[in-house]
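Here is the structure we will look at, set down as structure tokens.
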Amino acid sequence: MTGVPRVLICDELAPSAVQILQARGLEVETRLGLDEAALCEAVTEFDACVVRSATKITRPVLEASTRLKAVGRAGIGVDNIDRTAATERGVVVMNTPGGNTLSTAELALTLCLSLARHIPAATRRVREGSWNKKGLMGAEMTGKTLGIVGLGRVGGLLAERALGIGMRVIAHDPYLESAGKGSPIAGVELVPFAELVPQVDFISLHVPLLDSTRGMVGAEAMRAMKNTAYIVNTSRGGVVDEAALLEALDAGEIAGAALDVLEVEPPAADNPLLTHEKVVVTPHLGASSAEAQDRVADMIAEQLADYLLDGVARNAVNMPTFGAADMQRIAPALELAERMGSFAVQGLEGPANKVEITAGGALAEFGTQAFELAVLVGVLRHVVGGGVNFVNAPLLAKERGIHVLASCDEESIYHDGHLLVRVECKEGGVQVRGALFGNEPHFTRIDGVHVDLLAEGPLLLTRHEDQPGVLGKIGTTLGEHGVNIRRVDLGLSSQRPDGLASAFLRLDRTPEREVIADLESIEPIRWVRCVHP
């Protein structure tokens, strides 16, 4: 890189971050509130840009500049950055995982305390001119049982603080349990979810929103809770079934709830939870502390300076440490590898414990390290959510007892090489082969069945008795719900050890739960799953 690197700050950022960049010898300019057209023009002058959540780095923005080397997100989520387009252009996308974990943990504890002592209701009553405390009898936290679902960074910090005020803490974390490990926090007992729910006085959720966690705190879980128990959610909207929550509150099955996240944000004005007397709602304040915002701003400033000056990429969400030239060559294959890992893990019946990767033909020239990281990112984003990247993927896999094997094969039937990925759990495994056709990622073989599927979702997978008319019934059911089929590949019963035939369908949109339920009710069908590579 020649000349002094220039950094564009697109959203409000702590002054200390600007000072860090300038102290490292970078030129810094702040331009706030740019729309896409203005941003397309601006990025041509800069080597990197910094955003929070307001500014969107779209494909047109990324394609507007041949100079841009990196995009830094002062925060965790990168939904406002087109990561695929960035990868294609060799632009590193970085985030700052861990920067706001303490603030989120402290908010969760604060919400528990607010519920226990009815702070919002009491404040509202006083402001309305009443000094009556009838119905506001609170409870002490000491001796109460806190159930933490997800004992990761935030859950662990919350556990330590809850223990510090004399609470009993139990936790559920399926990945720690599947790895055969005990609790990483002294004094915290790991228990199955079904055993945790009836014991708790407070349940605090710290899990990503995945198919396995969506609605996990629903009607069944709430019926099993004490009628004096409270639910606290600072993780992701959708983990709590809001309709079931409203019914449980009105029926007196639980005492109340505190929600920092909702299924739809911002919520509709007529959402009944917003005005419910037993509910505390905050507008996604988990990371909204001055310290957290300063911390992530300083972190992203240091990371960008390290990359622009020394070529060291930390917390990159779309690449290992490669030079720009090699990155442009390998980028499409890394995208394929990540999608293969994502696809395979979604087909498992339990938590992943082993990943095997083979790079074949032309792709073997790059070795296996980059592909290992990409596959692990695809696997782990369905385990830990958005915080996983090329830097922390090996550590996260090790923590969850996922064993990784990699090899190279000089031979390949494809001109540009292929990748072979197998992801296993105790109950079995899923194997997928993929290749690039004109830089487009394709699945070419799934569990022994030859296919030609563009590796993008949604993909509907079925296993069924090998009988005439099954595919017709699937198509009719999807059509009745307005879901269109873009491509179908079929596998014979002789190709599977269980003697079931297979179908792989690429759909035009994600089918709702009731569509999946209707498909499962078709008699010859034994298994249905919708996955998103």
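The values are calculated or read from the model by the stated rules, or taken from the named source; none is laboratory data. All figures in this text were calculated on a predicted structure; none of them were measured in a lab. Neighbour counts run over all protein chains shown; Cβ positions are idealised from the backbone, glycine included.
Okay, here's what the table says:
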item	result
Check on Arg422, over 14 Å from Val531 (Cβ atoms), of a type in the set (D, E, K, R), modelled with pLDDT of 90 or more and touching an Asp or Glu at 6+ places or on another chain (Cβ under 6 Å)	yes
Looking only at the range 155-173, and only at residues there that are outside any strand (DSSP E or B) and touching a strand residue (DSSP E or B) at 6+ places or on another chain (Cβ under 8 Å), the one that is farthest from Ala397 (Cα to Cα)	Met167
Per-region count, the range 246-304, residues charged (D, E, K, R) and within 19 Å of Thr110 (Cα to Cα)	4
Conditions (1) in contact with a Ser or Thr (Cβ under 8 Å, 6 or more places away or on another chain); (2) in the same structural domain as Glu520 (by TED's automatic domain parsing); (3) of a type outside the set (A, V, I, L, M, F, W, C): number failed by Gly472	(1)
Any pair with Cβ under 7 angstrom, 6 or more apart, that starts in the range 511-533 at a residue that is touching a residue at least 40 places away in the same chain (Cβ under 8 Å) and farther than 19 Å from Gly347 by Cβ and ends at one that is assigned to a loop (DSSP other than H, G, I, E, B) and of a type in the set (S, T, N, Q)	Pro524/Gln467
Restricting the range 58-78 to residues that are under 22 Å from the mean Cα position of the chain (by Cα) and free of Cβ contacts under 8 Å to residues at least 40 places away in the same chain, the residue that is farthest from Pro97 (Cα to Cα)	Arg59
Residue satisfying all of: in the range 174-204; small (Gly, Ala, Ser) and assigned to a helix (DSSP H, G or I); surrounded by the fewest Cβ atoms within 10 Å (Cβ to Cβ) among these	Ala194
Where a residue in the range 237-254 is over 8 Å from Gly215 (Cα atoms) and its partner, wherever it lies, is charged (D, E, K, R), with Cβ under 7 Å and at least six apart	Gly237/Glu263; Gly237/Glu265; Glu242/Glu263; Leu249/Lys278; Glu253/Arg223
Selected residue [under 20 Å from Pro192 (Cα atoms) and assigned by TED's automatic domain parsing to the domain that holds Pro198] from Leu158, Leu136, Leu113	Leu158
Test: residue in the range 432-444 that is assigned to a loop (DSSP other than H, G, I, E, B) and more than 28 Å from the chain's Cα centre (by Cα)	yes
Val470 vs. criteria touching a His at 6+ places or on another chain (Cβ under 9 Å) and either closer than 25 Å to Ile516 by Cβ or crowded, with 18+ Cβ neighbours inside 10 Å (or both)	yes
Residue satisfying all of: in the range 337-360; more than 16 Å from Ile402 (Cβ to Cβ) and part of a strand (DSSP E or B); farthest from the chain's Cα centre (by Cα) among these	Gly360
Candidate set from the range 391-422 (those that are of a type in the set (D, E, K, R) and in a strand (DSSP E or B)); member that is surrounded by the most Cβ atoms within 10 Å (Cβ to Cβ)	Arg422
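Results for (1) over 21 Å from Glu411 (Cα atoms); (2) aliphatic (A, V, I, L, M); (3) outside the structural domain of His206 (by TED's automatic domain parsing); (4) surrounded by 23 or more Cβ atoms within 10 Å (Cβ to Cβ), shown as yes or no for each residue.
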residue: Lys354; (1), (2), (3), (4): yes, no, yes, no
residue: Ile357; (1), (2), (3), (4): no, yes, yes, yes
residue: Ala364; (1), (2), (3), (4): no, yes, yes, no
residue: Gln369; (1), (2), (3), (4): no, no, yes, no
residue: Glu372; (1), (2), (3), (4): no, no, yes, yes
residue: Arg381; (1), (2), (3), (4): yes, no, yes, no
residue: Gly385; (1), (2), (3), (4): yes, no, yes, no
residue: Asn389; (1), (2), (3), (4): yes, no, yes, yes
